[in-house]
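Below is one structure, written out as structure tokens; the observations come after it.
Laboratory data are not the source of any read-out in this text; all were calculated from the coordinates shown. If you're wondering where the values come from, they're calculated on a predicted model, not measured in any experiment. As a convention, Cβ positions derive from the backbone with ideal geometry for all residues, glycine included, and neighbour counts pool all protein chains shown.
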Amino acid sequence: MSELERRLADYLAHQQPGARNLSVTNLARIQGGSSQETYRFRATWEEEGRAVERNLILRRAPPAGLVVAERDIEFTVYRALAGHGVPVPGAYHFETEPCWLDRPFFIMDLMPGKPGHFYASADPYDGQSDAVARAFWRHLGTLAALDHRVLGLAKIRNGKADDDLWSRELDWWTAILEKGEDVPEPIVHAAIRWLRRHPPPGPVKPAIVHGDYRAGNFLFTPDGRISAILDWEMCHVGDPLEDVAWAIDPFWPMTRHLALEEGLREWEASSGLVVDRLALDWWRLFSAVKACAIWTTAEASFTHGEAREMVVAMSGIRAGHFHRNLILTLMTERGIAA
Amino acid sequence: MNLTLETLLHGVAATLRDRIRPEVPEGFAAEMSRLATLLVSVAANAVDDAAAVRVWENQEMRQLFADAVSLVDGDLSSRLAEAAASVDPGLRISELDGANGRLRTVLIALQAEIEVDRRAAAQDLNARIWGLLRTVEERRAPRM
């Protein structure tokens, strides 16, 4: 048993006083988002005379990462969404005491299925692209239809706001961008100024926004179902079109598998909302700015030695360039950048 | 003949790709190894012209500022004149990046001012700024 397995077993035994002979094995780090350390493991114990075996996931906060995630947000959202039509893993034991595993963490179920890598050139969904893509849009529509206040999520970011959701999010990401910038990017700042001068049409229905809803952040099963939507660290309340625009960002294009118009029809049917194309266009540019803020944070984390993950460095270098180019394209479409 | 940093890094990337990665079992470490290979390749392709790219950018921004001094007033005009007359403190990448960051900050302030100025000269300057930004992005594109 490794040191981390032993400490994890100690924690689970502490949480479950009725468990006997609790053991943690097969602990292995896996790819699972870039802002949390993710490990899978098997826990076994005896309880009331019977043997129990569970395949679980440990999500632990890293020293630093792509974004400054609110530590309990993912756990809170998983608990709130359970049983409400959006597939999420069961989540247990959010812990902040550093005596257990040094940094905040929580435990959740290992869900069936696998992620489809968005950069794979061949079919990433094993022949089920159409079904997966439709489920992808349908679940996002279901999320948009939920009432965050009823689910007890009024305490998450913007949870008590009814208006100016666009400016709150733009302020949020502008602050993150400026905090991480050593060498400022004029392209990104020009886009921010344009977004402020041209607000999206309103009003909008405040909705639960995943914040990173895209290919790569869900698991699919061989029958074409989506078994779990993951990586909710950036969840907040906002305009539901924020997630729609993020989902169609060309860096992780779901439109490869289902035409945009068909995907939007699925979303409209399950959300009961209508996509305002002008607003969506505003959120597309916003998404590119938000992406640049995330990649800037990645660069800063690596530069200052807080993160040493290769994916963090690669995000800062390659993805930052991609999204600045995308901003140039979107600004050209607006007649701003010739 | 000297072994250049570029050649050295390409050699490291090739070793990672051809000799080390095949020995790493699939999983988290294998993915780290793949990304590390790509990053070393990016570094190899950026090292030779790193100083030249920054010197060129800084010169282009100073020229823009010199041409823009008469288009704006007050504090910004003074900032432009001062930035246009500045020089790179040295040829270390850290020194060039420091100057580059300061010049970009001035460029952002200049563009924020002239992009809402309807005069033809201001609009022409704004178009020049966008052209420069596009070229900078092309020249700094990571090469793998």
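I'd like the distance separating the alpha-carbon centroids of segment A:150-181 and segment A:3-33, in whole Å.
35
Can you give the longest stretch of chain B with no exposed loop site, where a site means trypsin sites (Lys or Arg not before Pro) in a DSSP loop (not H, G, I, E or B) with at most 10 other C-beta atoms within 10 Å?
That gives B:1-117 as the longest site-free run.
If neighbour count is taken as other Cβ atoms inside 10 Å, put B:Ser41, A:Ser315 in order from fewest to most. The partial results should precede the final answer.
Details: B:Ser41 20, A:Ser315 25.
So the ranking, lowest neighbour count to highest, is B:Ser41, A:Ser315.
For chain A, what does the helix formula give at 222 nm: sum of -39500 (n - 2.57) over DSSP H segments with n ≥ 4, over the residue count, nearest 500 deg cm²/dmol?
On the way: 11 runs with 136 residues, N = 338.
After summing the helix terms and dividing by the residues of chain A, the value is -12500 deg cm²/dmol.
Give the angle, between 0 and 90 degrees and rounded to the nearest 10, that separates the Cα long axis of helix A:186-197 from the longest principal axis of the Cα atoms of chain A.
For helix A:186-197, the angle is close to 80 degrees.
Ratio of Rg to Rh for chain A, alpha carbon only, Kirkwood?
Taking Rh as the inverse mean 1/r over Cα pairs, Rg/Rh reads 0.98.
Could you tell me the calculated FRET efficiency between A:Ala259 and A:Phe118, based on Cβ-Cβ distance and R0 = 25 angstrom, to the nearest 0.05?
Taking R0 as 25 Å, the efficiency between A:Ala259 and A:Phe118 is 0.90.
Does a label point 7 Å from the Cα of B:Arg34, set along Cα-to-beta-carbon, have any residues of segment A:290-332 with amide nitrogen under 15 Å, and which are they?
Output list for this probe position: A:310-312, A:314-315.
Per residue of A:201-213, how many C-beta atoms from partner chains lie within 10 Å of its own C-beta, taken as a mean? Display every interim value, and only then the final one.
On the way: counts 0, 0, 0, 0, 0, 0, 0, 0, 0, 0, 0, 0, 0.
For peptide A:201-213, the averaged partner shielding equals 0.
Taking the simple approach of a point 7 Å from Cα along Cα-to-Cβ for both A:Ala175 and B:Arg118, what is their distance in nm?
Reported label-point gap for A:Ala175 and B:Arg118 is 3.6 nm.
5 Å is the cut-off here: which amide hydrogens, built 1.01 Å from N in the peptide plane, fall below it relative to A:His148, excluding neighbours closer than 5 in sequence?
Amide H neighbours of A:His148: A:Ile208.
Testing the spin-label approximation: label points 7 Å from Cα along Cα→Cβ at A:Asp10 and A:Asp72. State their distance in nm.
Taking the simple label geometry, A:Asp10 and A:Asp72 are separated by 2.4 nm.
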